[in-house]
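Following: one structure in C-alpha cells, then a few remarks.
Taken together, the values in this text are just the output of simple stated rules run on the coordinates, not laboratory data. Keep in mind it's a predicted model, so treat the numbers as computed, not measured. Glycine gets a Cβ as well: all are built from the backbone with ideal geometry, and neighbour counts include every protein chain shown.
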Amino acid sequence: MKTRLISGTCYVAILIAFYLLKIFVHDLCFDVLIYAFALIGTFEMLRAVQDKTTKAERGIVFAFAVVSIPLCAVAEHYFSYGLHWVTICFFVMAVALVCLLVIRHEETSLESLGLSFLSAVYPVLLLCLLVQANHVPKLPAFSSIAFNSDLLILFIFVVSPFADTFAYLFGRCLKKYFPRKFAPVISPNKTVVGAIGGLVGGLIGAAILYFAYNAVVGSFENMGFWLTVYLLIGLFAAAATEFGDLVESCIKRKLGLKDMGKIMPGHGGVLDRIDGTLFAAMVVYLAFAAVRMLLAP
C-alpha cells in the first residue's frame with residue numbers, strides 16, 4: 001500500500017510538472033509526456049506479445065510509435081493537420097505489416113498480424129487523440145467560456161484518477177456488504193459497488209474541476225447549465241475509464257500476465273496506469289468537440 005501511494009504521488013507530480021510546462025512554456029511540452037507514454041506503453045505491449053509476434057512486426061509497430069506522436073503534435077500545432085498525418089503513418093504501417101505475409105510468409109501468421117495491429121492501436125493510436133486534445137484552441141467568440149485544451153487536459157487527468165480512486169475505495173470498503181461481481185470472468189476483483197463508486201468519483205471530480213477552474217480562469221455565468229455539462233462529461237469519462245480498465249484486464253488475462261510492466265511499483269507498468277485514461281481521453285475529446293460545435297458562431 002505504501003509503495004503504491006509513493007508511485008501514485010510521483011505520477012501525479014510528473015503530471016502537474018508537465019501541465020505547468022504546458023501552461024507557462026508551450027503546449028508541445030505536454031506532448032513530450034504523451035510521447036513517453038507512447039514509447040514506454042508500446043514497449044510494454046510488444047514485450048507482452050513477443051512470443052506471438054515476429055521481430056520484424058514489432059520493429060514496424062515501434063517505428064510507428066516513434067514517428068506518429070511527434071508528427072501528430074507538430075502538424076496539429078502548426079497546421080491543424082495532426083490526424084491526417086497519423087492516418088498516413090498508420091496506413092504505411094498497415095501496408096508494411098501486410099507485406100510481411102509475402103516477404104516473410106513462413107514466420108508471419110494472421111494471429112501475429114492481429115496482435116501487431118492491436119499493439120499499434122493500443123496505446124499509440126488512442127494517445128494521438130490525447131495529442132489532439134492538447135492542441136484544442138480557445139473559442140475566440142466566447143472568451144468567458146474556457147473550453148480549450150487547458151481545461152480538456154485537466155478534465156482527462158482529474159476525472160479519470162477520481163474515478164479510479166473512488167472505485168477502489170468503494171470496492172475495498174463496501175465489498176463485504178455488496179459482493180456482487182462486476183465482470184467476474186474478465187476481472188474477478190471488480191465489484192458492482194466499485195463500479196458505482198467510479199461513477200460517483202467522476203461526478204465529484206467534474207464538480208471540483210468546475211468550481212476550481214472557473215474560479216481561476218473561467219466564469220460562473222449560467223452556472224446551472226455549465227455545471228450540468230461538466231457533470232455529464234465527468235460521468236461519461238468515468239464510465240470510459242472503467243471500460244478502459246476492463247480492456248486492459250482482458251488483454252492481460254488473454255496473455256497470461258498480472259501486470260504490463262514494473263516501472264511503477266504497486267501499479268505495474270505505464271499501461272496499467274493510463275489504461276482508463278486512454279478511453280477517458282477519447283470520450284472527453286469527443287464531448288468537447290460536440291460542445292464547441294454548438295458554441296461556434
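Mean residue ellipticity, 222 nm, helices only, the chain: the sum of -39500 (n - 2.57) across DSSP H runs of n ≥ 4, divided by residue count and rounded to 500, is -25500 deg cm²/dmol. The three principal axes of the C-alpha atoms in the chain carry coordinate ranges of 65, 54, 32 Å, sorted with the longest axis first. Above 25 angstrom, tally the Cα pairs of the range 28-134 and express them as a % of all pairs, no decimals. Percent of Cα pairs beyond 25 Å in the range 28-134: 20.
For the pairs K55/K252; K176/K262; K52/K190; K190/K254, flag any whose C-alpha to C-alpha distance is greater than 23 Å.
Pairs exceeding 23 Å: K176/K262; K52/K190.
When the Cα convex hull of the range 88-200 is projected onto planes of every orientation, the mean area is 11.1 nm². Cβ crowding within 10 Å, taken as a proxy for footprinting-reagent exposure, orders V291, V25, V159 from fewest neighbours to most as V25, V291, V159.
Per the Debye calculation on the range 60-110 with a single equal scatterer at every Cα and no solvent contribution, log₁₀ I(q)/I(0) for q = 0.17, 0.20 Å⁻¹ amounts to -0.55, -0.67.
Net charge dipole, the chain: roughly 960 debye, given to the nearest 20, about the Cα centre with Cβ charges of +1 for Lys and Arg and -1 for Asp and Glu.
Across the range 85-98, rounded Karplus estimates of 3J(HN,Hα) from the backbone phi angles (6.51 cos²θ - 1.76 cosθ + 1.60, θ = phi - 60°) give 6, 5, 4, 5, 4, 5, 5, 4, 4, 4, 5, 4, 5, 5 Hz, Gly and Pro being marked x.
Based on the Cβ-Cβ distance of Q50 and A212, what FRET efficiency does E = 1/(1 + (r/R0)^6) give at R0 = 41 Å, to the nearest 0.05? Can you show the working numbers first?
Details: r = 44 Å, r/R0 = 1.07.
Approximately 0.40, to the nearest 0.05.
Convex hull volume per residue, computed on the Cα atoms of the range 140-297, equals 122 Å³. Remark: the range 140-297 carries a charge dipole of roughly 760 debye about the Cα centre, counting +1 on each Lys and Arg Cβ and -1 on each Asp and Glu Cβ.
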